[in-house]
Structure formats: C-alpha cells, structure tokens
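Peer 1: Could you have a look at this structure, given as structure tokens, before my questions?
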Amino acid sequence: MHGITRTDLQRHDLSVPGQEAVQTRVEFAPGAAFPMHRHPGEEVVYVLEGSIEYEVEGQPS
C-alpha cells in the first residue's frame, strides 16, 4: 500500500492449535491509511511517534 511499510519482527505459535502471535512494525507516511479489513484474532497497537485514528466495526476505539 502506498505510504505504508510493514515489517514482521517475530512469529510464535500459541498453545491453541493453528493460532500464532505476530509482532509487526508498521510505518505510516502522513495521511496514509489501511482500507477496512479484518483479523482472525486480537490486535494490540503501540504508537511510537505521532498519532492514529483506529476504528473497530466503524466505531472509534
């Protein structure tokens, strides 16, 4: 995607078969955005610099 760089840092299997934890660094250029999408599991976001707008099912989080 234009203006977005994604780097997978590590992956580890979880105790639940078929599930894994993934640590990823994502860098956004000013004004860049992901289109609406889904993840099969949970997600944790940690912002190192700047700010983001984050929505879950169309609602601000």
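Peer 1: Does at least one position in region 31-39 carry a residue that is surrounded by 10 or more Cβ atoms within 10 Å (Cβ to Cβ), among the hydrophobic types (A, V, I, L, M, F, W, C), in a strand (DSSP E or B) and touching a strand residue (DSSP E or B) at 6+ places or on another chain (Cβ under 6 Å)?
Peer 2: No, because not a single residue in region 31-39 is surrounded by 10 or more Cβ atoms within 10 Å (Cβ to Cβ), among the hydrophobic types (A, V, I, L, M, F, W, C), in a strand (DSSP E or B) and touching a strand residue (DSSP E or B) at 6+ places or on another chain (Cβ under 6 Å).
Peer 1: Consider only pairs whose beta carbons are under 9 Å apart and that are at least six residues apart or on different chains; among these, list those whose first residue lies in region 34-56 and is at positive phi and among the small types (Gly, Ala, Ser) and whose second residue is part of a loop (DSSP other than H, G, I, E, B) and modelled with pLDDT of 85 or more.
Peer 2: Close Cβ pairs satisfying both conditions: Gly50/Pro30.
Peer 1: I'd like to check something: does region 15-25 contain any residue that is touching a Pro at 6+ places or on another chain (Cβ under 9 Å), among the hydroxyl-bearing types (Ser, Thr, Tyr), surrounded by 10 or more Cβ atoms within 10 Å (Cβ to Cβ) and without any contact (Cβ under 8 Å) to a residue 24 or more places away in the chain?
Peer 2: no
The values are calculated or read from the model by the stated rules, or taken from the named source; none is laboratory data. Note that the structure is predicted; figures quoted are calculated from it, not measured. Using ideal geometry, Cβ is built from the backbone for each residue, glycine included, and neighbour counts are taken over all protein chains shown.
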